[in-house]
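Asker: A single structure is presented below for examination.
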Amino acid sequence: MRSSTTAKFDIGENEYQPVNGLITRTRPFTGADKLFEIQLPDGEELGHQPGQFVQLLVPGVGEAPFSVTSSPTKPGPFELTIRAVGNVTRALHNMEPGDTVGIRGPYGSGFDPDVFEGEDILFIAGGIGLAPLRSMINYTLDERERFGELTTVYGCKEPVEQLYPDELEEWAEGDAMEYFETVDQCPQDQEWDGPTGVITSIIPEVDIDVETTKVLVCGPPVMYKFVLQELDEMGVPDGNIYLSLERNMHCGRGLCGHCQINELYVCTDGPVFHYPVVRDKQEAEV
Amino acid sequence: MKVIDKPEFEALLDETIASDRRDVVGVQDDGEKYVFDDLRSAADLALEYDVTMLSPKKYLMPQRETILEYRDTDGEFEWRAKAEPDGKVIVGIHPYDLVAIEQLDKIFIDTLRDEPYRQKRENSLLIGANMQDASETAFAASMGTATTDSGYDLMLTDLGETYAVNIGTLEGKEFLNSADVRKATAQEVQEVERIEQEDVPDLFERELDFSPALLPTILEENYDNMEFWEDYSEKCLSCGTCNMVCPTCYCFSVDMIRDLGTNSGRESRRWDGCLLEDFASVAGDENFREEVAERHRHRFMRKGWYIYERYGDIACIGCGRCTSECVADVADPCDVYNKLHQEVQAHAQ
């Protein structure tokens, strides 16, 4: 994976200079998540790699890291999917198209598409973990001929948590990719006609070449151990697995220390890690 | 090596205080502790000190500093990164603190550019002072940091009526230009060597039982020794004082601050520390280092192993500040290192 520690927009007096990001569109999903489309000055592209993140600043409130959810193959504004769980994210949810935020980045080491060229890929997403993976999923769909068989497994706690419903429908109905989904449970006030059960219950249904398929995983912290155990039982070699991990970050540049997993910095060594790199790191919790 | 009479050095310093656009700060006795503080007169300088409460890191990476301002003027939204170039003339830095600054330079200037740090550092003049006293919790001699031949612009050694002055940089040499200095005699050069080799090591009451080069290995081998880390951290209050007083700790948090009643404000960064309970927590109830034993372990691993892996430095310089300032009286790296070494030896037998 390529490591990029310097921001593209290194234009100010120091490395903490953001640029204006104009919110051009928002789209709420049925749960606590909302999609934000953000345009940079002069229509400039973010120039990110799938899996990379930006630092987003809400004036007067704070800043936080967010994985870019749109693929770099999509021209124009980029997209973030944000769950309202803290000060910054709640403030963001109250913002509207026409409002301005600050953007620094892109930062970190993402999924390098060249590494996956010609390979079969299985994406495993849990909950909001689909947001970072969608960047790579849509990349592979947009440049479909460069990759082998594509499969996505998506698990949520309950149906209202599902993101990007239109795209999920396309993935399910189209021929470009095999798509499987599940929810842990369906409360009575919600509708669901798919399978019920935790994500590991549908992974064995997936028809992949376990020896060669690259597996890209992103989900809530509690998910990794179980998914990795399942993949191990299926016979997927550790070396074929890539994880995108989430930690607290304040600088995005390998300095502030909050995101450390043992000696690794998630903001520069990750957030996407080749599994063998973090397998024996106790603080990775994988 | 140069030699300057003490009154001549004091006159030079007073002249600097009067004319240099930078603040001149130096070690002073504030009645209870030695501290680096603004120097009003060279006569206030206390170079015979044991240790200062905080290291001069506080001038290069202040406890709080603005790194960004924002303004909303009639719909025109503007962010402006800040890097205050307020370097200082810092007088009386002990060698271990110079070593710590060199480590920060490697990270904040040479490896990952950090403009707020770089501006302050490159505009500062560092005048070191060889140790004449040591705190009872210090073990710098064991860490190889009780003397240093780099990291300073000038280095003073007290020779009674005079200071021997080692020149480390051109800027240091130019600082002496207006003063009456002479070349050191062979006896004076030998006397400085003798002080560094004999007097300075004798100042320390504590020592490591092994070479610090073994630290990364010893820490790695004790990573899973949770019984040790739990025992050690049992009385810890998670106050983070050990982080705050450490000259090599550089973790920080960034806060957004709104100027009340306006559409403007700033981002300010402040010291933060891995012993504080929420240091590794993320929004949504997840704390990746929830147990105090995990936080202690992380701090030690970082000091003696992780930073070494990344930058080649042992990030404990043996100043003993964490031990002397610990509120619960538990922080004691020298004792921890020696015990971990014993554990490894016991395990090997």
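The values are calculated or read from the model by the stated rules, or taken from the named source; none is laboratory data. What you see is a predicted model; the values in this text were computed from it and never measured. Here the Cβ positions follow ideal geometry from the backbone for every residue, glycine too, while neighbour counts run over all protein chains shown. Accessible surface areas use protein heavy atoms only, side chains included; no ligands, DNA or RNA. Shrake-Rupley method; radii C 1.70, N 1.55, O 1.52, S 1.80 Å.
Asker: Being among the hydrophobic types (A, V, I, L, M, F, W, C) and surrounded by fewer than 22 Cβ atoms within 10 Å (Cβ to Cβ) is true for just one of A:VAL68, A:VAL61, A:VAL54. Which residue is that? Step through it out loud before you land on a result.
Answerer: Details: A:VAL68 fails: surrounded by fewer than 22 Cβ atoms within 10 Å (Cβ to Cβ); A:VAL54 fails: surrounded by fewer than 22 Cβ atoms within 10 Å (Cβ to Cβ).
A:VAL61 is the lone residue from the list that is among the hydrophobic types (A, V, I, L, M, F, W, C) and surrounded by fewer than 22 Cβ atoms within 10 Å (Cβ to Cβ).
Let's see how each residue does on (1) out of contact with any Lys or Arg (no Cβ under 6 Å at 6 or more places or on another chain); (2) under 16 Å from A:MET234 (Cβ atoms); (3) not polar (S, T, N, Q):
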| position | (1), (2), (3) |
| --- | --- |
| A:THR140 | yes, no, no |
| A:TYR154 | yes, no, yes |
| A:PRO187 | yes, no, yes |
| A:GLN190 | yes, no, no |
| A:ILE203 | yes, yes, yes |
| A:VAL217 | yes, yes, yes |
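Asker: Something else now. Of (1) more than 10 Å from chain A (Cβ to nearest Cβ); (2) in contact with an Asp or Glu (Cβ under 7 Å, 6 or more places away or on another chain); (3) surrounded by 20 or more Cβ atoms within 10 Å (Cβ to Cβ), B:THR248 satisfies all except one. Which?
Answerer: Status for B:THR248: all satisfied but (2).
Asker: Give the residue, chosen from A:THR81, A:THR73, that is surrounded by fewer than 18 Cβ atoms within 10 Å (Cβ to Cβ) and under 18 Å from the mean Cα position of the chain (by Cα).
Answerer: Of the residues listed, the single one that is surrounded by fewer than 18 Cβ atoms within 10 Å (Cβ to Cβ) and under 18 Å from the mean Cα position of the chain (by Cα) is A:THR73.
Asker: May I ask you to list pairs of residues, at least six apart or on different chains, whose Cβ atoms are under 7 Å apart, with the first in region A:191-205 being in contact (Cβ under 8 Å) with a residue 60 or more places away in the chain and open to solvent by 60 Å² or more (accessible area, probe 1.4 Å) and the second being assigned to a loop (DSSP other than H, G, I, E, B) and among the hydrophobic types (A, V, I, L, M, F, W, C)?
Answerer: Every condition considered, no pair remains.
Asker: For the list (1) open to solvent by 10 Å² or more (accessible area, probe 1.4 Å); (2) farther than 23 Å from A:PHE116 by Cβ; (3) assigned to a loop (DSSP other than H, G, I, E, B); (4) within 14 Å of another protein chain (Cβ to nearest Cβ), I need the number of the one condition that A:GLU283 fails.
Answerer: For A:GLU283, the failing item is (3).
Asker: Kindly provide the set of residues from region B:165-212 that are of a type in the set (A, V, I, L, M, F, W, C), in contact with an Asp or Glu (Cβ under 7 Å, 6 or more places away or on another chain) and under 19 Å from B:GLU136 (Cα atoms), ordered by number.
Answerer: The one that is of a type in the set (A, V, I, L, M, F, W, C), in contact with an Asp or Glu (Cβ under 7 Å, 6 or more places away or on another chain) and under 19 Å from B:GLU136 (Cα atoms): B:LEU203.
Asker: Inspect region B:315-332 for any residue being within 14 Å of chain A (Cβ to nearest Cβ) and over 30 Å from A:GLY86 (Cβ atoms) and give the result as yes or no.
Answerer: Checking region B:315-332: at least one residue is within 14 Å of chain A (Cβ to nearest Cβ) and over 30 Å from A:GLY86 (Cβ atoms).
Asker: Taking the residues in region B:104-131 that are more than 9 Å from every other protein chain (Cβ to nearest Cβ) and assigned to a loop (DSSP other than H, G, I, E, B) as candidates, determine which candidate is surrounded by the most Cβ atoms within 10 Å (Cβ to Cβ).
Answerer: Among those that are more than 9 Å from every other protein chain (Cβ to nearest Cβ) and assigned to a loop (DSSP other than H, G, I, E, B), it is B:MET131.
Asker: If we scan region B:293-305, do we find a residue that is at the interface with chain A (Cβ under 10 Å from one of its Cβ atoms) and surrounded by fewer than 21 Cβ atoms within 10 Å (Cβ to Cβ)? Before you say what the answer is, go through the steps one by one.
Answerer: Applying the first criterion (at the interface with chain A (Cβ under 10 Å from one of its Cβ atoms)) to region B:293-305 yields B:294, B:297-298, B:301-302, B:305.
After this cut, where a residue has to be surrounded by fewer than 21 Cβ atoms within 10 Å (Cβ to Cβ) as well, the list is B:294.
Yes, region B:293-305 contains at least one residue that is at the interface with chain A (Cβ under 10 Å from one of its Cβ atoms) and surrounded by fewer than 21 Cβ atoms within 10 Å (Cβ to Cβ).
Asker: So, one more: Enumerate the pairs (first residue in region A:75-89 and without any contact (Cβ under 8 Å) to a residue 60 or more places away in the chain; second residue anywhere and of a type in the set (A, V, I, L, M) and surrounded by fewer than 17 Cβ atoms within 10 Å (Cβ to Cβ)) with beta-carbon separation below 7 Å, excluding pairs fewer than 6 apart on the same chain, so at least 6 apart or on different chains.
Answerer: These pairs meet every condition: A:ARG83/A:ALA32; A:ALA84/A:ALA32; A:VAL85/B:ALA283; A:GLY86/B:ALA283; A:THR89/B:ALA283.
Asker: Of the residues A:GLU79, A:GLU37, which single one is in a strand (DSSP E or B), closer than 29 Å to A:TRP192 by Cα and touching a Lys or Arg at 6+ places or on another chain (Cβ under 6 Å)? Spell out the reasoning first.
Answerer: Values: A:GLU79 fails: touching a Lys or Arg at 6+ places or on another chain (Cβ under 6 Å).
Sole residue among the options that is in a strand (DSSP E or B), closer than 29 Å to A:TRP192 by Cα and touching a Lys or Arg at 6+ places or on another chain (Cβ under 6 Å): A:GLU37.
Asker: Evaluate region B:164-182: report whether one residue or more is of a type outside the set (Ser, Thr, Tyr) and in contact with a Cys (Cβ under 7 Å, 6 or more places away or on another chain).
Answerer: No, region B:164-182 contains no residue that is of a type outside the set (Ser, Thr, Tyr) and in contact with a Cys (Cβ under 7 Å, 6 or more places away or on another chain).
Asker: Moving on to the next point. What's the number of the condition A:GLY98 fails, among (1) within 14 Å of chain B (Cβ to nearest Cβ); (2) closer than 24 Å to B:GLU286 by Cα; (3) open to solvent by 10 Å² or more (accessible area, probe 1.4 Å)?
Answerer: With (1) within 14 Å of chain B (Cβ to nearest Cβ); (2) closer than 24 Å to B:GLU286 by Cα; (3) open to solvent by 10 Å² or more (accessible area, probe 1.4 Å) applied to A:GLY98, the lone miss is (2).
Asker: Would you say A:HIS258 is outside the structural domain of A:ILE124 (by the TED database), touching a Cys at 6+ places or on another chain (Cβ under 9 Å), in contact (Cβ under 8 Å) with a residue 12 or more places away in the chain and not basic (Lys, Arg)?
Answerer: no
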